[in-house]
Amino acid sequence: MDQVAIQRALTRIAHEILEKNRGTDQLAIVGIHTRGVYLAQRLVAAIERVEGVSVPSGEIDITLYRDDVGRSRARPEVRGTTIPFCVDDLRIVLVDDVLYTGRTVRAALDALIDFGRPRAIQLAVLVDRGHRELPIRADYVGKNLPTARDEHVYVRLSERDGVDEVVIE
Amino acid sequence: MFHRRHFLGIEGLTKDELLFLLSTAESFREISEREVKKVPTLRGKTIINLFYEPSTRTRTSFEIAAKRLSADAINITAAASSVAKGETLLDTARNLVAMRPAALVVRHPCSGAPHLLARLVDCPVINAGDGMHEHPTQALLDMMTIRAYKGEIAGLTVAIVGDLLHSRVARSNVLALTTLGAQVRLVGPPTLLPPEFRLWGVEVCTDLRRGLAGVDVVMALRLQRERQARNFLPSIEEYARHFCITPDALAAAKDDVLIMHPGPMNRGVEIDSQVADGPYSVILEQVTNGVAVRMALLYLLATQEREATEEQAEVGLHAPRRHAGALA
């Protein structure tokens, strides 16, 4: 995917979110660190362009909720969670770059639910590469990318990587 | 990044390690603001707090930090343990480690006690204050508090005032502040100013008003009466007359000066109540940040895979090594 394809996918997802939730009422967007946060910001901007409403947004770091803490030598950096609104009764769209095993999303669900009881949690991803290990699916998908397990999917975003692209290597 | 097995002191830490620890700690602060103040990270792990000296703040702070990470925290105080029956520190520690804690938090009146345990037992050790040597988690929480108000530590002038001779807090803070690029000024009576501090490139001042002139931060130290500070002073009253931080003495400091104290305070001795409870005081903020600092350290140290270091394998004193898989 190149810059144009990413932008089109996000614009479409923004419309789908509005359609499914019938507008922006009680809607909030939460990005999963690191690249999900930038995608969430872009979705908030896209929704604002369509509806003229800036929906509340937050960011979530799932490091402390991982199911592999202490199993590898690497201890991932903790980057902090910011949910500057009460999640109770909101419809929350979780945003991540790549959906793979589903373990990140499982951790994010636990993290989010520690903040309260949302009315609903939905999932938006830029890329779904398959190989799920948990019963999790996305509500909004930018692109389905069939991959082999030994391939790597790299999502690069201009905010962090200077370029917008999705590549398989 | 921070890849050490133990956290024994500020001495020897690089600037990058300190900055990493501080930014990690800052990420943990939010958890204590939540309604449900708990994350599942250290579920199924045990943290032992082994305290050979009285402590309210530090022990409670470590206990709360462990519990907010879902670890089980066990507190052992020397007076109520087999220490009273004459068991040595090393034997006590080895027995505790045989029960497989994920980390051992140690406070001891002897300088170097946590370092000894780190070498001889197979468990990450955190120094919660050793004798007159270091109190490194206090220095981290102090740095975190300063950063929250001043942004950067580099370029600030910080006065540390009081009983510098006996203070492990001062030692750790001097090391942290100088590593991070602050200018440090030590202020106190000559009998309580250890001469070796001059080797660390700090200013030394024996007059309170001159010492506070133009400073961004004032750290008051507790006059340690239990460490016979009185032998170094004509009287507590005379000390207070010259070195108690009063609103009047503070007039020389910068307008937005921060007032810090590691606690417990001797009100009217090293710090005047008007200052301790005044608008510039961040003393309770320090306590709040202490929990975040200790959560960060427990996260970094207690999630390590169990793996004996080569040194311990050579010494042959460690408990039998478990498979990493046994943790699964």
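Rule-based calculations on the coordinates, nothing more; no lab input. Just so we're clear, the structure is a prediction, and the values are computed from it rather than from any experiment. Neighbour counts run over all protein chains shown; Cβ positions are idealised from the backbone, glycine included.
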>> Is there a quick way to get the dipole size of segment A:38-169? I mean about its Cα centre, with the Cβ of Lys and Arg at +1 and of Asp and Glu at -1; what is the value in debye to the nearest 20?
In response: 280 debye
>> Can you tell me what share of the DSSP beta bridges in segment B:43-139 is antiparallel? A percent to the nearest 5 is fine.
In response: 5 percent
> What Kirkwood hydrodynamic radius, in Å, does segment B:38-125 give when the mean of 1/r is taken over all pairs of distinct Cα atoms and then inverted?
Replying inline: 13.2 Å
> So for segment B:213-271, what percent of the C-alpha to C-alpha distances run longer than 18 Å?
Replying inline: 36 percent
>> Nearest 10 degrees is fine. How inclined is helix B:168-179 to the longest principal axis of chain B, computing both from alpha carbons?
In response: 90 degrees
> Given B:A176, B:L300, B:L18, which one lies farthest toward the positive end of the charge dipole of chain B, if we put +1 on the Cβ of every Lys and Arg and -1 on the Cβ of every Asp and Glu?
Replying inline: B:L300
>> Of all beta bridges DSSP finds with both residues in chain A, what is the antiparallel percent, to the nearest 5?
In response: 20 percent
> When the C-alpha atoms of segment B:106-260 are aligned to their principal axes, what extent does each axis show, in angstrom, from largest down?
Replying inline: 51, 40, 25
> Residues with beta-carbon under 13 Å from that of B:M260, excluding B:M260: net charge, scoring Lys, Arg +1 and Asp, Glu -1?
Replying inline: -1
> Where does segment A:46-122 land on Rg(C-alpha)/(2.2 N^0.38 Å)?
Replying inline: 1.24
>> In Å, what Kirkwood hydrodynamic radius results for segment B:113-154 from the alpha-carbon pair distances?
In response: 12.0 Å
> Counting only DSSP beta bridges with both residues in the protein assembly as shown, what percent are antiparallel, rounded to the nearest 5?
Replying inline: 10 percent
> To the nearest 20 debye, what is the magnitude of the charge dipole of segment B:1-47 about its Cα centre, counting +1 on the Cβ of each Lys and Arg and -1 on the Cβ of each Asp and Glu?
Replying inline: 320 debye
>> I need A:E169, B:E270, B:E237 ordered by Cβ neighbour count within 10 Å, fewest first.
In response: A:E169, B:E237, B:E270
> What does the charge dipole of segment B:198-260 about its Cα centre add up to, to the nearest 20 debye, if the Cβ of each Lys and Arg holds +1 and the Cβ of each Asp and Glu holds -1?
Replying inline: 300 debye
> On alpha-carbon atoms, Rg over Rh for chain A using Kirkwood Rh?
Replying inline: 0.95
>> To check my understanding: the extent here is largest minus smallest coordinate of the Cα atoms along each principal axis. What are those three numbers for segment B:230-305, in Å, largest first?
In response: 54, 35, 17
> Given the pairs B:K15/B:K37; B:K45/B:K85; A:K20/A:K143; B:K15/B:K45; B:K37/B:K67, which are separated by over 21 angstrom at their Cα positions?
Replying inline: B:K15/B:K37; B:K45/B:K85; B:K15/B:K45
>> Just to be sure I follow: if Rg is taken over the C-alpha atoms of the protein assembly as shown and Rh is the Kirkwood radius over the same atoms, what is Rg/Rh?
In response: 1.04
>> Once the cut-off is 32 Å, how many percent of the Cα-Cα pairs in chain B end up in the long-distance tail?
In response: 29 percent
